[in-house]
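Undergrad: Before anything else, here's the structure in question.
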Amino acid sequence: MLPTSLRLPRVWRASCALALACCVLALHAAPVHALAVIREVDPGEAPRLKDGEALLAIAVDSSTPVQEVRIKREGFALNAGKLRDSQNGRSMQLYALPAGRYRWDRVRLFGLRYRLGDDEEFAFDVRPGVINYPGDLVVRPRGWFHAVMHVANRGLQAMDWLDAHHPALSAAVPFVYTGHYGDPFPAAYRAAIAAAPPAADPRAVLPLPDPGELPIAITRLWQPARVRLLDMNPRGDLLAEVVLEEDGTWAVDMFDLRADAGSAVASSATRPAPERVLESPRPIVALDWSGNGNLLVSIGHGAERNVFVLQVRDQGDGTRTYARLQIPRLGRVIDALPGTPDAILFGSESHLGLHVHRIDIASQAALDRETFSPRRALDRGVGDDVLWFADAAGELRVAVIRGDEGLRLYHRRDGELTAGPLLHELDGFVPHALSADGAQLVGITGEDRAQDELVTVDVVTGRTVATLFRREGRDVVAPVLDEARAVVGAAYHEHGQYVVEYFDSEDASVGRRLQQAFPGRSVWMIDRNATRDRFVVSVGGSDQPDRVYRFDLAAGTATLLDDSRPWLARQRFAPSHLLRTRSKDGLDIEAYLTLPAAADRKVPLVLMPHGGPIGVRDVIAFDPEVQLLAALGYAVLQVNFRGSYGFGRAFREAGHGGLGTLIEDDIDAALQAALQAHPVDPQRMCVLGTSYGGYSALVAGVRWPGRFRCAVSIAGPSDLMLQFTASDTGRSAEGRATLEAMIGNPTTQRDAIIANSPLYNIAQLTLPVMLVHGTEDLRVDMEQSRRLQRLLALAGRPPVMAELDGEGHGIDDPAIRVAAWRAIAGFLRTHLDRPPDAAP
C-alpha cells in the first residue's frame, strides 16, 4: 500500500572500536549528569516503583544475534540502558526506569557498533502509570558492515509476551504504544477478550484448503519470462537477446537478421535460430552496442559489474565468430559511444570515489594496459560524483553530485562545472535522457500540469524549456528515443493498451503499419536500424504473453524471433474486455473484465482491486493471477478506480481521502456494469486483492454484507492507523504527511480512520476470510493480519491464514508462491464452485 514509489531504507554503517573509544572519551570530557537507574523486571515480579518511575517494554526483532542494544535518556551524556545477548528473532524485556524522553542509541552486531545518532524517529516518551511500548527495534544486517534498522509497532506481539511473562502486571496496568499518534488497538483487543465466550481460541485459524488438481501449473504460469533484454546493432543485421533459462542460466543469444527476409505475420514460417555467444550464472543486466561490431555485456547488480566485450568478426564466407574480451575492473558503462566503436566511457569506484575513463576496447591487450588511474580520469577534480551523462559527442556534460543538502545536478562546459538544482527540488520530474547538446534533460513531469507530460528541463536552472508531448487526460509513461537519442515519440495507455504516438509523420505511418500488422495487440518498438527500415517489436495482450518479431518495412512482413514464455505457447488464455461506466458522483471509470473460455452460462466472478491505491493502475496485458483465476472458471473484474495512474492529475487526486469510501463506490459502479452486461453470476462472487486491494477486499465484506461469498487479503492492511506506525512510509515525517493526505490525519480525523478500518468493524465482517502475508513485509507489516486474525478468532470466525516466512510485500520464492496460490485456489473453489442455492 502507499506510496507507489518505495522509500530507500536508511543504512547504518558500523564504527570500529578505536573510533568508538574516541567518542566515549569525548563524552567523558563533557559535563556529566547523574545517570538514570534502569533495572530489569523479572518474570512475575510486582515491582515497587519509586516516585517518577515507569515501566518500559523493549522489543528487538533481529535476523542475527544482537550482542547489545542501548537506549539513552535525553539530558544525560552517557548511555543508560542495555539489552544484551538477544537471539535470532524477537526478544523482549521489561524495565523499571525514570519517566522521561528516551531514544534508541546503539546496537552491537558481530562485535561492531552501530550508532543511531539523533534521529527523532528513534526517540520515545516513557510515562508513569502505564506499560510503555515504543515499538519493536527491527534490525536487518546487509553485509558485514551495514545494517538496516527501523521501529515498527507490533503491539499485539508485545501484549502476548507480557501476558505470558508478566500476567499480573499485564492485567492490572494499561498497555500504551508511545509512538506517533498512539494506537487504539490495545483497548479494542482487551474489550474483545472480555466479550469473547470462554471457549474462544484467540489463536485459531482454519487449515489451508487443498484445491485438488489445477487446470494449469502455477510454476509454469509464474515462471519468469525467458526474454529479458534486446538490442539491435545500428546496421540492423544483428540482434542481441538476453535470455533466462529454466535452470537459472543467463545467456546472450545472437540473431543474424540477414538470414531470413521475413514472412507474413499470418504464415507459420520457421523462426530463425540464434547463436549462443555467452552464458553466465549471474544476472545479465545490460546490453550496449558500440558500433556494429562490439557488444558490451554487463553482468551483476549494482554499480560494480563485470563487463565483457563481444567482438563480432566476419569470416568472409557469410559466417561470423565472436571474440570475448573482459574489462579488467569492476564498474559500469557510462556511455557506449556508438559513433566511436573502439572506445567507451567506463565508470569504476575506488576509495577516492567514482572515476570515469575513456578506454580502448579494440583488443584484450589494450584493455589490460588500462591502469584506471585517478589522475587520468575524465572527472578528476570532481568530488562526490555518483553519476554522469554524456552528450551525443561522448563528452561528460551532466553530473549528479552528493552534497550536504542531497543530490544535485551539475552542468559541465569547457571543463567548468555549474551547479544546478537539487534533484528533490525538481518536484515530480523523472529524467530519462540527456539532449544531444548536453544542455537539457528529457523527462516526465506533472508539476503544475493536468497530467504527466514529456518535457525538457534546463540542467542549470531546473526550469522547463519545452513541452514535447501532452495528451489531455492521459499520463505519459515514457519517451521514445531514436538511435541518435533524440526524442521521436511518447508512450501512454489508451483503454488499457500501451500506445506509442510518434511526432514525425513518417514514424507515425510506421507506427500505424505496425499496429495494423498486429490488430488488437499492444505493440511497442524495441529497436530499429539506422536506415529505419528494419524494426524489432514486442507484441502482447491479455491472452498472449509477449512475443518478439522482426518487422521489415519494405516488404511489409514480420518474422517471429522469440516467445517470452514458450512453455505456454499451447495454452489457451482468456482475453480481457474494456468496460466503461460512471461512478455515482459522475466520475468516468474504466475497468477490464476477463471472461473464462466457453462462458455460455453465468460464471462466478472474482473482483480484483489493484494495489496503491494512488498512482497504480491495471492494464490489458498478460497477468498470471488473472489467467489462473480464469482457468479455474471465474470471470475477473479489474477496476481503475479514482486514484489510479494514467488518467491525469485530477483523477489521481480524487482518490485522496477516498480509501474505503469513494474508491469503493467506483468499484461498485464497475461491478454493477459488469453484472448488467455480461454473463456473471451475482450469487457467486468473491473479492481478492493485494496490498490496497487486500484492504478493499475486507472493506467490501464490511460495506456489503451478504454480497460476496468470501474475501482474500494478500498483504493487505486492516488497521489504517497502524500504517502510520508499522510501515516504511510511516518512518519519516515526510512519509506520514503523505499518508495523512491520502488516509486522513490521525489526530483530527481519528474516528473516520477507525471507521474505515475493517479491524474495528469485526461485527460486520461476517464472510469467510483468507489472509496471506509475508513475515518480512515492510510496506504493510504482518502485524496487520495478525491483529485481524486475533479479533476474528475471538468473534468465533477464525480465518484461513497463510504466513509466508521470509517474504516481503510480494512473493519471491517460487515454492512459497506455489503453496500460497494453491491455497488461494482451494479457498475460492470452496466458496465459488458450489451452486447458487447450495448451503455453504
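Undergrad: Do you know which of the residues in region 232-250 that are more than 26 Å from the chain's Cα centre (by Cα) and assigned to a strand (DSSP E or B) is surrounded by the fewest Cβ atoms within 10 Å (Cβ to Cβ)?
TA: Ranking the qualifying residues of region 232-250, first place goes to L238.
Undergrad: Here's another thing I want to ask about it. Name the residues in region 115-140 that are assigned to a strand (DSSP E or B) and either surrounded by 21 or more Cβ atoms within 10 Å (Cβ to Cβ) or among the hydrophobic types (A, V, I, L, M, F, W, C) (or both), would you?
TA: A123, F124, V126, I131, N132, Y133, D136, L137, V138, V139
Undergrad: Given the residues L97, L2, L49, which is the only one that is in a strand (DSSP E or B) and either modelled with pLDDT of 55 or more or outside the structural domain of M159 (by TED's automatic domain parsing) (or both)?
TA: L97
Undergrad: Looking at (1) closer than 27 Å to Y492 by Cα; (2) touching a residue at least 24 places away in the same chain (Cβ under 8 Å); (3) surrounded by fewer than 22 Cβ atoms within 10 Å (Cβ to Cβ); (4) more than 28 Å from the chain's Cα centre (by Cα), which one does G586 not meet, given that it meets all the others?
TA: (2)
Undergrad: Go through region 196-231 residue by residue and tally those that are surrounded by fewer than 17 Cβ atoms within 10 Å (Cβ to Cβ) and of a type in the set (D, E, K, R).
TA: Number of matching residues: 5.
Undergrad: Out of curiosity, is V400 among the aliphatic types (A, V, I, L, M) and not in a loop (DSSP other than H, G, I, E, B)?
TA: Yes, satisfied.
Undergrad: Here is a further query. With F518, F535, F469 as the choices, which residue is out of contact with any Asp or Glu (no Cβ under 9 Å at 6 or more places or on another chain) and among the hydrophobic types (A, V, I, L, M, F, W, C)?
TA: On inspection, the qualifying residue turns out to be F518.
Undergrad: Give region 722-745 a look and list any residue that's of a type outside the set (V, I, T), assigned to a loop (DSSP other than H, G, I, E, B) and surrounded by 23 or more Cβ atoms within 10 Å (Cβ to Cβ), or say none.
TA: If the condition is that a residue be of a type outside the set (V, I, T), assigned to a loop (DSSP other than H, G, I, E, B) and surrounded by 23 or more Cβ atoms within 10 Å (Cβ to Cβ), then A726, S727 are the ones that fit.
Undergrad: Just give me the residues in region 789-814 being in a loop (DSSP other than H, G, I, E, B) and within 24 Å of A763 (Cα to Cα), in sequence order.
TA: A795, G796, R797, P798, P799
Undergrad: Find the residue count for region 746-786, including only residues that are among the aliphatic types (A, V, I, L, M), touching a Cys at 6+ places or on another chain (Cβ under 9 Å) and assigned to a loop (DSSP other than H, G, I, E, B).
TA: 1
Undergrad: Which residue out of V465, V500 is crowded, with 17+ Cβ neighbours inside 10 Å and either touching a residue at least 12 places away in the same chain (Cβ under 8 Å) or assigned to a helix (DSSP H, G or I) (or both)?
TA: Only one candidate qualifies: V500.
Undergrad: Taking S263, is it modelled with pLDDT of 95 or more and either of a type in the set (S, T, Y) or surrounded by fewer than 19 Cβ atoms within 10 Å (Cβ to Cβ) (or both)?
TA: Answer is no for this residue.
Undergrad: Looking at I344, I361, which is the one that is more than 26 Å from V459 (Cβ to Cβ), surrounded by 20 or more Cβ atoms within 10 Å (Cβ to Cβ) and at pLDDT 90 or above?
TA: Answer to the selection: I361.
Undergrad: Continuing with the same structure: Tally up the residues in region 162-221 that are within 30 Å of P596 (Cα to Cα) and not in a helix (DSSP H, G or I), please.
TA: 12
Undergrad: Among the residues of region 471-481 satisfying the criterion of being outside any strand (DSSP E or B) and surrounded by fewer than 16 Cβ atoms within 10 Å (Cβ to Cβ), which is farthest from the chain's Cα centre (by Cα)?
TA: E472
Undergrad: OK, next. State the number of residues belonging to region 547-580 that are part of a strand (DSSP E or B) and either among the hydrophobic types (A, V, I, L, M, F, W, C) or buried (at least 20 other Cβ atoms within 10 Å of the Cβ) (or both).
TA: Within region 547-580, residues that are part of a strand (DSSP E or B) and either among the hydrophobic types (A, V, I, L, M, F, W, C) or buried (at least 20 other Cβ atoms within 10 Å of the Cβ) (or both) number 13.
Undergrad: Mind checking whether some residue in region 383-402 is under 18 Å from G331 (Cα atoms) and either loosely packed, with under 13 Cβ neighbours inside 10 Å or polar (S, T, N, Q) (or both)?
TA: Checked region 383-402: at least one residue is under 18 Å from G331 (Cα atoms) and either loosely packed, with under 13 Cβ neighbours inside 10 Å or polar (S, T, N, Q) (or both).
Undergrad: Do any strands (runs of 3 or more DSSP E) entirely within region 603-699 hold 1 or more residues that are in the same structural domain as A591 (by TED's automatic domain parsing) and touching a Cys at 6+ places or on another chain (Cβ under 8 Å), and if so, which?
TA: In region 603-699, the matching strands (runs of 3 or more DSSP E) lie at 603-607, 680-690.
Undergrad: Evaluate the following for D379: is it touching a strand residue (DSSP E or B) at 6+ places or on another chain (Cβ under 8 Å), farther than 22 Å from L434 by Cα and free of Cβ contacts under 8 Å to residues at least 60 places away in the same chain?
TA: no
Undergrad: With at pLDDT 90 or above, surrounded by 12 or more Cβ atoms within 10 Å (Cβ to Cβ) and in contact with a Leu (Cβ under 7 Å, 6 or more places away or on another chain) as the only criterion, which of A54, A36 stands out?
TA: So the residue among A54, A36 that is at pLDDT 90 or above, surrounded by 12 or more Cβ atoms within 10 Å (Cβ to Cβ) and in contact with a Leu (Cβ under 7 Å, 6 or more places away or on another chain) is A54.
Undergrad: Select, from P281, P274, the only residue that is under 17 Å from A251 (Cβ atoms), out of contact with any strand residue (DSSP E or B) (no Cβ under 6 Å at 6 or more places or on another chain) and at pLDDT 90 or above.
TA: After ruling out the rest, the residue left standing is P281.
Undergrad: Do we have R380 as not in a loop (DSSP other than H, G, I, E, B) and not aliphatic (A, V, I, L, M) here?
TA: no
Undergrad: How about region 560-615: which of its residues are of a type in the set (F, W, Y) and closer than 29 Å to R649 by Cα?
TA: Y592
Undergrad: When L579 is evaluated against the numbered criteria (1) more than 29 Å from the chain's Cα centre (by Cα); (2) closer than 30 Å to M742 by Cβ, which criterion, by number, is the only one it fails?
TA: Failing condition for L579: (1).
Undergrad: While we're looking at this one, here's another question. From the list L325, L337, which one is part of a loop (DSSP other than H, G, I, E, B) and more than 15 Å from E275 (Cβ to Cβ)?
TA: Just one listed residue meets the conditions, L337.
The values are calculated or read from the model by the stated rules, or taken from the named source; none is laboratory data. Quick caveat, the model's predicted, so the values are computed rather than measured. We place every Cβ from the backbone using ideal geometry, glycine too, and count neighbours over all the protein chains shown.
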